[in-house]
Every structure is written in C-alpha cells, then in structure tokens.
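Notes follow the structure.
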Amino acid sequence: MTTLLTHSLSEVVATSGPIPEGKLAYLQERQRNNLYSFILKKFLERGISKADLARRINYDPARITRLLGAPGNWTLDTISDLLVGVAGEELVPASRSLQNISPQNYMPEWLRPPEDTQLRPLREQPPRADSFLQKKDRPRPDSGILDRAA
Amino acid sequence: MTYMSILDEINKRVADGSLSILGPAQGDPFKRTLALTPGLVGLLTGPWPDLIIERRCGKLRADLEYFVKGEPIAMSLTPYEHKTAFMGRLDKPQDEVWDIRSRDPDPGLRVFGRYAALDVFVAMICAPRSVEQAWLQRRALKEGTSLEWHFAILECQEIWKSLFPNHEPIHGDAPSDYATNAFLV
C-alpha cells in the first residue's frame, strides 16, 4: 500500500550507472518549473501589469499571458527577455548538488504520518527571521518527513 | 454518530489505502496537500511499459509536485477561458471539478480533482488532452464541450461521492478561496 510518495533526489545521482529516463525527465521538468516560479515571483512582487511587460519587451500581450500562465519550455532568449522586462536583471548561473540536500521535516499539521512507513526523527528547525510558514506548516513534535513510498 | 471533518476523512482514506499523499521531493517545502487515487499513484511510480511513458510520467510528477511545494499558481475560475492556466475550474463551476494541466511534452495530460479544503486537492483521474493513449486506458478529451470531458467530470464526482459521501468540495469566488499563493490568469 502506498501512502506517502516522496522523491529522494540524492538517489538519482547515487550511482555511477545510467540515470533512469523517468528521473531525467522529472528533473528537466523541475528545472523548468523552478525557472517559471522564479520569474513569476518577481513579476508578482514588482506588481507590473502584463500589458506593461509586453510593451517593455515588445511581445504580444497574449504571449505574455501564455508564458506566465504555466511552466513552459522556454528558450534562454525568452528567459532573458522576461527577466530583463520584469526586473531589469540577468540570470547568473548557479547550481547545487542533488546529494546532501537536507530534508525539511514538516508536513501540514492535520495530515497524519502513515503508520506503515518509517519516520525519520524530527530535527527542529529554528524559526526563520522572515518566517513565511503558517502555523499549520510548522514542524510538530510527532511528525517527520518520509524517505520513500511505503 | 461522530462527525468527521473532511481532513479526518482524508487521513482515514490514506490509512485504508484508498488515497495516497504526494509529498515534496527531499528538501522541498510541503505547503499544499495533494491526495491521489491508486490509479494516479501507479502513473507516478511505475512500472511503465516503455521509456516514452516513463519520461512523460516523470514530468507529470514534477508538475504535481509544483503544486505541493506551494509555488505560485495561475488559476482560471471560468470554464473554457484562459487555457494557459496551471489549473482551471471546469464546467459547471458549481460542481467544483478542476483540472491540473500538464501540457508538455505531448501528449498533454489533464489531472481531474476537487478541492477538499484550502490547499488540499484530491486528484482522482488523469486523461490525455488531444490524442488517445493506450497506456492511460482513457479516450482523449479533445474539445472542451466534448462528451469525454463531460464523462470525466462525472466520473470525478462519482469517485468523490464514494470517497467522501458526507462532504462537498469547497466553493469559492477567488483563487485565495482554494489555494494560497494563487492568482487569476
């Protein structure tokens, strides 16, 4: 019985053998979604309108709506245009290892950790200075994040 | 008779195996809850009949995790409009059946479900948007007014009724009634 599905990213690169096709595709989509979220957050923070953005980068307004509506397979040129138009910024490449990503040990408070899975002991996280977590999202003493599907 | 909230019911359905929860990947925040029926779990965990399907389902999983991570989502509350949204409320709006759109690559997929509470989505079925896929064992939805859309929405309502006979999905007038960090497309 599967009860809680989580991906362990470090497993993807844990061996030197071929990485499964499904994992590669999963990571491609994550990357795409991360970029979309990155630019969308800037767009929402700046509070500019889609029409203004379209004017600034000489795009059709309908294209802006399409681009900001959902993650897509953007070209590097599109990313550059959006970032300049939204925030007057350029993308500076950076990456992180998929190994050694520390898990965040919290889950929605109402959700009971399934009993048939192994729980990792909770490591309390200090509250963030800019704490954006709602009360319901904060770690609770009896919960933990699960490593894998049961 | 003891009253159970719909969140209690979800926990109960998870315990009896009727639903599973999609958690975030290691290190990602767990901000919204996505409950899945066993059929959807099978799509995300495999085994898959070939590499093309494995890749497609890997991308679908990343798209669903995007929701779980609490990332900003563009919503459409008006059926047949704003096809670019990440998720949209389908016709009829009062039925409160939604789809999450995983567009790329072909075949585009639609995951149907309903909001049980703020930031809690119960995903029930997955259908191809335009082209029939044998591995999904479901006909393509095609145009928005097709019978296939209608049947998928009805099926969703039936599954919901069997899972939560005493609860209705939430109703709302704005994205913030359904999910935090959501906006109208």
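Might you check whether a residue that is outside any loop (DSSP other than H, G, I, E, B), within 21 Å of B:PRO72 (Cβ to Cβ) and without any contact (Cβ under 8 Å) to a residue 12 or more places away in the chain occurs anywhere in the stretch A:3-23?
The answer is no; no qualifying residue exists.
Being more than 8 Å from chain A (Cβ to nearest Cβ), surrounded by 14 or more Cβ atoms within 10 Å (Cβ to Cβ) and on the phi < 0 side of the Ramachandran plot is the requirement here; does B:LEU22 meet it?
no
Looking at (1) in contact (Cβ under 8 Å) with a residue 40 or more places away in the chain; (2) surrounded by fewer than 10 Cβ atoms within 10 Å (Cβ to Cβ), find the lone condition where A:VAL92 falls short.
Looking at each condition in turn, A:VAL92 falls short on (1).
Checking B:SER176 against (1) over 28 Å from B:TRP48 (Cβ atoms); (2) part of a loop (DSSP other than H, G, I, E, B); (3) small (Gly, Ala, Ser); (4) in contact with a strand residue (DSSP E or B) (Cβ under 8 Å, 6 or more places away or on another chain), which single condition isn't satisfied?
(2)
Pairs only if they're at least six apart or on different chains, beta carbon under 7 angstrom, first in the stretch B:151-163 and within 14 Å of B:GLU9 (Cα to Cα), second part of a helix (DSSP H, G or I); list them, first residue then second.
B:LEU163/B:ARG13
Please specify each residue of the stretch A:44-54 satisfying the condition of being assigned to a helix (DSSP H, G or I) and more than 9 Å from chain B (Cβ to nearest Cβ).
Within the stretch A:44-54, A:GLU45, A:ARG46, A:LYS50, A:ALA51, A:ASP52, A:LEU53, A:ALA54 meet the criteria.
Just to be sure, is A:ILE57 more than 7 Å from chain B (Cβ to nearest Cβ), of a type in the set (Val, Ile, Thr) and over 17 Å from A:PRO71 (Cβ atoms)?
For A:ILE57, the condition - more than 7 Å from chain B (Cβ to nearest Cβ), of a type in the set (Val, Ile, Thr) and over 17 Å from A:PRO71 (Cβ atoms) - is met.
Pull up the stretch A:26-42, narrow it to residues that are more than 7 Å from chain B (Cβ to nearest Cβ) and of a type in the set (D, E, K, R), then point me to the one that is surrounded by the fewest Cβ atoms within 10 Å (Cβ to Cβ).
A:LYS42
Yes or no: the stretch A:13-25 includes at least one residue that is within 12 Å of chain B (Cβ to nearest Cβ), in contact with a Leu (Cβ under 6 Å, 6 or more places away or on another chain) and of a type in the set (D, E, K, R).
yes
If I filter the stretch B:42-76 down to residues being acidic (Asp, Glu) and over 17 Å from A:HIS7 (Cα atoms), which single residue comes out as nearest to the other protein chains (Cβ to nearest Cβ)?
Only one residue fits best here, namely B:GLU71.
Within the stretch B:100-112, can one find any residue that is hydrophobic (A, V, I, L, M, F, W, C) and either facing chain A (nearest Cβ under 8 Å) or out of contact with any helix residue (DSSP H, G or I) (no Cβ under 9 Å at 6 or more places or on another chain) (or both)?
No.
Residue check: is A:GLY85 of a type outside the set (Ser, Thr, Tyr), closer than 30 Å to B:ILE10 by Cβ and modelled with pLDDT of 85 or more?
The answer is no for A:GLY85.
Please specify each residue of the stretch B:65-94 satisfying the condition of being assigned to a helix (DSSP H, G or I) and surrounded by fewer than 21 Cβ atoms within 10 Å (Cβ to Cβ).
Scanning the stretch B:65-94 gives B:PRO93, B:GLN94.
Any chance the stretch B:1-10 includes a residue that's surrounded by fewer than 22 Cβ atoms within 10 Å (Cβ to Cβ), facing chain A (nearest Cβ under 7 Å) and not basic (Lys, Arg)?
Among the residues of the stretch B:1-10, at least one is surrounded by fewer than 22 Cβ atoms within 10 Å (Cβ to Cβ), facing chain A (nearest Cβ under 7 Å) and not basic (Lys, Arg), which makes the answer yes.
The values are calculated or read from the model by the stated rules, or taken from the named source; none is laboratory data. Predicted model, so just to flag it, every value in this text is computed and none were measured. FYI the Cβ positions are ideal-geometry reconstructions off the backbone, even for glycines, and counts take in every protein chain you see.
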